[in-house]
Amino acid sequence: MKIALLAVNTKYIHSSLAVWILKKSISLHADFPHNVEIVETNINQTHGDIAESVIAFSPDIVGISTYIWNAEKLPEIIEIIREKLPETTFILGGPEASHNAGYWLSHGADYVIRGEGEHSFPALLNALSCGTDTPPKMIESQRCVQDGAFFYNDDYIAALKGKIAYIETSRGCPFRCTFCLSGGGDNVRFFPLIQVKEQILKLSKSNTSVIKFTDRTFNANAGRAYELFEYVISLNTDKTFHFETAADLFDETTVTLLATAPPGRIQLEIGIQSFFEPALEAVNRKTDLCKAEKNIRFLLQGGNIHVHIDLIAGLPYETLPDFQNSFNRAYELGANHLQLGFLKLLHGSKIREKEKSIIHEKTPPYEIISSPWLSVSDFAVLKQAETALQHIYNKGRFLSALQYVLSVSDLPPFSLYLALGKKVPGHGVPPEIYAQKIFDFCGKRQGVNSDLLLEYMICDWLSMTKGVNIPAFMKVYDSDKHFHARKAASELLGRKIRRENAAVLPSGKSVFVDSENRNPVTGLYQLYFTE
């Protein structure tokens, strides 16, 4: 049969590991040879374009992985395909279909596979190929006995085309967080280290720039994590490796090892979720917060590891003041990225079954609307702070300027970002106008020296942009000093720099930027100062 495996990713730069694993499983476990085509698309494409990319292959069967990010688009995509290919059979799997099978069987699916598909998908193909028995519409998958890591063949490498690559070295999670679908206690399965290293090496030589490990808690097994970190650090590659980890599970030997990693080699995504212990206890999240803080500070101290911290707003018992405290405590750690996410009540999660008092969206991503602890207006406040956080801090914009404002004003971090979210809209605003609005707002804060704030903002602008003229309000007109700054830059860097890469500061000093020297951890360009 002709089989199309459709992936609808969140962004063009993302790739799908699931469809490639299924293609390999079909070749291993199906009783008959099949012509399998991988069709990778993204949610920014139109329904029609996604459907046409499948229709062009004229498949007998379409397999689709369903997730919260593509679930709303899929029914219409399936309908368009079915209109032109009425005999096509649709087999759906993934988290959304697994835990909401009834919905999908009434919205386009002919069959739903619940759970892991490596064996059940080929088995269903066998049944459909023979045509002797009618398979059940809902198929409960048996947990796969994993022989080893997925083998990255040349077809997969070629299909990456520079996109983010994903690698799976274990399955499951030792924790039982009620908001997550991965947790199950003792169900973690680790793939053989030899095979994992072989696949890491192959990806390190591919055309991708970022390799993300899908392991839900990569360092759940400390010894295994140490060995793989050590291997990744030892590679001769310019690739970045991204891991999801629990900060409190790092031992001293591992954080000491990570301090030796080449700058930019490793990114750590650390799910703190909250610093409010009653909230963590309510969702069965076990974290030694003091140890987590200590390890995060140590990891950031060396400046070679990009650290991403996650917080979740909306956990039970955490009020708005409680969350503000969590935010401020997380912010003061100084991570490179601070994600303010919102609780999602996923189908199949324990929290969706247990916390009936939480009101959430009825459609994906099932985000919380209100709860006994946070009102609708509380969430509006959180969204305003989150908007400013995303547009400024998480994009590396004006970091030293805002740090200066926080150091001299009476505003805690959350209050500053909330105020910026209210007063300084970031959507669709040109960077120079956005900068002007930030300066105007921050310059009026008590204790802020506007000349010093401007100095910080000029430096921030140069370090975060490349080849972009500084806004007019930042320009200090002194042609002699500007000329001497560019001359000093030429002598130091051994090449001429463009006019927009140098500036005069209100203090009388000059600054220039090396636009060819970008910090692989922060993404900012190197600055130099002259008298």
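List of remarks:
- Lysine pairs within segment 375-448, Cα separation less than 18 Å, 8 or more sequence positions apart or different chains: 8
- For segment 363-370, Karplus couplings with θ = phi - 60° (6.51, -1.76, 1.60), whole Hz, Gly/Pro x: 10, x, x, 6, 6, 4, 9, 7
- Kirkwood-Stokes translational diffusion coefficient of segment 2-140, alpha-carbon pairs, 37 °C, 0.692 mPa s, µm²/s: 222
- Each residue of segment 312-318 is assigned a 3J(HN,Hα), and the resulting list reads 10, 8, x, 5, x, 6, 8 Hz, derived from the Karplus form 6.51 cos²θ - 1.76 cosθ + 1.60 (θ = phi - 60°), x at Gly and Pro.
- Convex hull volume of the Cα atoms of the chain, normalised per residue: 165 Å³.
- Shown here: segment 399-509, whose C-alpha atoms stretch 44, 30, 22 Å along the first, second and third principal axes, sorted largest to smallest.
- Here the gap between F529 and E353, fully extended at 0.36 nm per residue and compared with their Cα-Cα distance, gives a gain of 57.5 nm.
- Across segment 112-119, rounded Karplus estimates of 3J(HN,Hα) from the backbone phi angles (6.51 cos²θ - 1.76 cosθ + 1.60, θ = phi - 60°) give 10, 9, 9, x, 6, x, 4, 9 Hz, Gly and Pro being marked x.
- Cα-based radius of gyration of segment 154-372 once divided by 2.2 N^0.38 Å, which approximates compact folds: 1.06
- Amide H contacts for I266 (H built 1.01 Å from N in the peptide plane; partners 5 or more residues away or on another chain; cut-off under 5 Å): F241, H306.
- Every helix of 4 or more DSSP H residues in the chain counts as -39500 (n - 2.57), and over all residues that averages to -11500 deg cm²/dmol at 222 nm.
- With the simple spin-label model, which puts each label point 7 Å out from Cα in the Cβ direction, the D410 to S479 separation comes to 4.7 nm.
- Extreme residue, positive dipole direction of the chain, given options F342, P136, N187 (C-beta unit charges): F342
- Size of segment 452-530 from its Cα atoms: along the principal axes, largest to smallest, the extents are 31, 27, 18 Å.
- Backbone N within segment 460-495 under 16 Å of label point (7 Å from I433 Cα along the Cβ vector): 471-473
- With a Förster radius of 35 Å applied to the C-beta separation of E252 and V210, the computed FRET efficiency comes to 0.80.
- Length gained on full extension, E500 to A158, computed as 0.36 nm times the residue gap minus the Cα-Cα distance: 119.2 nm.
Throughout, read-outs are computed from the coordinates displayed, never taken from laboratory work. Keep in mind it's a predicted model, so treat the numbers as computed, not measured. So basically every Cβ, Gly included, is an ideal-geometry build from the backbone, and we count neighbours across all protein chains shown.
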